[in-house]
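Novice: Starting off with a structure, shown below.
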Amino acid sequence: MRLVQNTVLLLLLLSLLPAHAVRNKWVDEKGQTHYGDRVPAQYLGKNRQILNDQGIVIRKHNRLKTEKELTEAQRKKEMEIEENKRRLIAQRKKDLKDRVLIDTFTTERDILMARDRKIDSITSQINLTETIIKDDEKKLAAIKKRIENIEKSGRTAPVNTKKSLVNVSRQLENHYQFIETKNQERENILQGFDRDIKRFRELKAARKKR
């Protein structure tokens, strides 16, 4: 009997203790903060917090993103993936170039010799083209003189002569453009080999440390 009485008393005391409860905290469109056991439907997709009976935040619910925000987030994610791909490809190309550089050349002198061979080849092409230009310039001057003499005599220059003038002029333009391109190519080669020599030194130093 006493055991039953004690059990009933214990249950009664437990019922009088404050129950462990959680509350929701949210802010309405006017900036006012609300608390409650249930969150109104229009605020379920908004930022809100779950508090314990001591008022401490135990969980957070972030607002749902709009369709526009989801699309923008997806776009940024795809851009990030593409950027990572580009970086990976660039790194692989760099690693491959390093391996080729260190496996192809033994000393800096080897690199300089390879550079000079390419430069000499381009220089020969430029010199040859400059010789052709001199001949074409003489040819062009002769054609112009011929046309001038014909027109001074009151006659019309033959069609073939005028065509020759146009053709030689175009050839000269092509030769000038060729030389300009080759000069730029030569400069690019020099700069490229300068970078290769610098990188070769770095790779050699790193290999020596290892």
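The values are calculated or read from the model by the stated rules, or taken from the named source; none is laboratory data. What you are looking at is a predicted structure, and each value in this text was computed from that prediction instead of being measured. For neighbour counting, all protein chains shown are included, and Cβ atoms are generated from backbone atoms with ideal geometry for every residue, glycine included.
Novice: Exactly one of these conditions fails for residue 59: (1) in contact with a strand residue (DSSP E or B) (Cβ under 8 Å, 6 or more places away or on another chain); (2) touching a residue at least 60 places away in the same chain (Cβ under 8 Å). Give me its number.
Specialist: The number of the failed condition is (2).
Novice: Residues 129, 123: which one is in contact with a His (Cβ under 6 Å, 6 or more places away or on another chain) and touching a residue at least 40 places away in the same chain (Cβ under 8 Å)? Explain how you work it out, then say what you get.
Specialist: Numbers: 123 fails: in contact with a His (Cβ under 6 Å, 6 or more places away or on another chain).
Result of the check over 129, 123: 129.
Novice: Next up: Which condition does residue 200 not pass, out of (1) touching a Phe, Trp or Tyr at 6+ places or on another chain (Cβ under 8 Å); (2) more than 19 Å from residue 118 (Cα to Cα); (3) of a type outside the set (D, E, K, R), if it passes all the others?
Specialist: Here residue 200 clears every test but (2).
Novice: Right, here's the next one. Sort out which residues of segment 82-138 are among the basic types (Lys, Arg) and either in the same structural domain as residue 201 (by TED's automatic domain parsing) or within 24 Å of residue 204 (Cα to Cα) (or both), and write them in order of number. Outline the logic, then answer.
Specialist: From segment 82-138, those among the basic types (Lys, Arg) are 85-87, 92-94, 97, 99, 109, 115, 117-118, 134, 138; that's our starting set.
Once the filter is applied, which keeps residues that are among the basic types (Lys, Arg) and either in the same structural domain as residue 201 (by TED's automatic domain parsing) or within 24 Å of residue 204 (Cα to Cα) (or both), segment 82-138 yields 92, 93, 94, 97, 99, 109, 115, 117, 118, 134, 138.
Novice: While we're on this one: Can you tell me which residue within segment 154-203, out of those that are part of a helix (DSSP H, G or I), surrounded by fewer than 15 Cβ atoms within 10 Å (Cβ to Cβ) and among the small types (Gly, Ala, Ser), is nearest to the chain's Cα centre (by Cα)?
Specialist: Checking each candidate, the answer is 192.
Condition check ((1) modelled with pLDDT under 95; (2) over 35 Å from the mean Cα position of the chain (by Cα)) across all residues:
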| residue | (1), (2) |
| --- | --- |
| 77 | yes, no |
| 89 | no, no |
| 110 | no, no |
| 115 | no, no |
| 119 | no, no |
| 124 | no, yes |
| 133 | no, yes |
| 136 | no, yes |
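Novice: Under 6 Å between Cβ atoms, at least 6 apart or on separate chains: pull out the pairs that start in segment 166-195 with a residue that is without any contact (Cβ under 8 Å) to a residue 40 or more places away in the chain and end on any residue that is charged (D, E, K, R) and in a helix (DSSP H, G or I).
Specialist: Listed pairs, sorted by first residue: 168/136; 168/139; 171/136; 172/136.
Novice: Something else: In this structure, is residue 151 exposed (fewer than 15 other Cβ atoms within 10 Å of the Cβ) and touching a residue at least 24 places away in the same chain (Cβ under 8 Å)?
Specialist: Details: exposed (fewer than 15 other Cβ atoms within 10 Å of the Cβ): yes; touching a residue at least 24 places away in the same chain (Cβ under 8 Å): no.
Against the criterion (exposed (fewer than 15 other Cβ atoms within 10 Å of the Cβ) and touching a residue at least 24 places away in the same chain (Cβ under 8 Å)), residue 151 does not qualify.
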